[in-house]
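Notes for the one structure printed next.
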Amino acid sequence: MADIEAGRLPVRAPEQVAPAPGIADPGPLGLAAFALTTFVLSCVNAGILEVGTKSVVLGLALFYGGLAQFAAGMWEFRKDNTFGALAFTSYGAFWLAFAGILFFYKPTGATADQATHAVGVFLLGWTIFTAYMTIASLRVSGAVAAVFVFLTATFVFLTIGDLTVNENMTKVGGYLGLLTAVLAWYTSFASVTNSTWKRTVMPTWPIG
């Protein structure tokens, strides 16, 4: 009462706000999902598996390369990682779109070459996206940058292969895709191993 009469109000202690819970690094998941799906499709593109077996990638494109990688992108948004969020969400959507093409694309009124050209235009758009993401990746790590450099090359050859209906170009893109998958697997492996061991066991060559 004396404080109130003197014009001084009691000061309340500030409420304690619980810190926001952290989440695990979604990067290794996104990279692993991308690597495995790319590996299987690249085996088809390189001619290691018959073209008629291309639908074998459908399940991976839907659930691992697609949904799991898309989810990794959403978690990257939560971690305030713009690059990871854009990359994983976009390539997750790429695999979902690719699965949609395999399942739904039934061109009517077009020749086989025209249908292949249409897929080439689809791949051209992803080539452009991957090229500018490669520039951004140069500030992430050497391992991530290597993935994007070879992924860009993969898309370039696959695009040329479909636009010119040239199987040899597609095969080159397939072998580049296999190398891209190995690099993505390494980056995922290094990230999860370093995180689990709480120290740098396998280098990823951070930049900047």
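Membrane-span-like helices in the chain, defined purely by DSSP H runs whose alpha carbon atoms cover 15 Å or more axially and whose average Kyte-Doolittle hydropathy reaches 0.0, are 27-45, 82-104, 112-137, 142-163, 167-197. Using the Cα gyration tensor of segment 68-131, with a ≥ b ≥ c the square roots of its eigenvalues, what is the shape: rounded (a/c below 1.5), prolate (a/b larger than b/c) or oblate (neither)? Oblate, because a/c is 1.5 or more while a/b does not exceed b/c. Computed from the C-beta positions of Thr53 and Ala131, the FRET efficiency with R₀ = 35 Å rounds to 0.70.
When only alpha carbons of segment 91-178 are considered, Rg and Dmax amount to 14.0, 47 Å. Extending 7 Å from Cα along the Cβ direction at Gln114 and again at Ala97 yields two label points whose distance is 2.2 nm. With loop membership from DSSP and a limit of 12 other Cβ atoms within 10 Å, the longest segment of the chain without GluC sites (Glu not before Pro) is 51-208.
Of all alpha-carbon pairs in the chain, indicate the percentage at a distance above 25 angstrom.
On the way: 9285 of 21528 pairs.
Of all Cα-Cα pairs in the chain, 43 percent lie more than 25 Å apart.
Report the FRET efficiency, 1/(1 + (r/R0)^6), for Tyr105 and Thr164, where r is their Cβ-Cβ distance and R0 is 35 Å, rounded to 0.05. Spell out each step's value before the answer.
Working: r = 20 Å, r/R0 = 0.56.
Approximately 0.95, to the nearest 0.05.
Placing a label point 7 Å from the Cα of Lys79 along the Cα-to-Cβ direction, the residues of segment 144-171 with a backbone N closer than 16 Å are 144-145.
Take Lys171: with every protein chain present and a 1.4 Å probe, its accessible area is about 90 Å². A simple spin-label model places pseudo-atoms 7 Å from Cα toward Cβ; at Ile207 and Ile23 they are separated by 2.6 nm.
With a cap of 12 neighbouring Cβ atoms within 10 Å, and only residues DSSP puts in a loop, list the chymotrypsin sites (Phe, Trp or Tyr not before Pro) found in segment 102-181. It would help to have the intermediate numbers written out before the result.
Values: sites: Phe103, Phe104, Tyr105, Phe122, Trp126, Phe129, Tyr132, Phe148, Phe150, Phe155, Phe157, Tyr175; in loops: Tyr105.
Answer in residue order: Tyr105.
The values are calculated or read from the model by the stated rules, or taken from the named source; none is laboratory data. The model shown is predicted, which means the values in this text are computed figures rather than measured ones. Note that we place each Cβ from the backbone using ideal geometry, even for glycine, and neighbour counts take in every protein chain shown. Heads up: the accessible areas ignore ligands, DNA and RNA and are worked out on the full protein's heavy atoms, side chains in. Shrake-Rupley method; radii C 1.70, N 1.55, O 1.52, S 1.80 Å.
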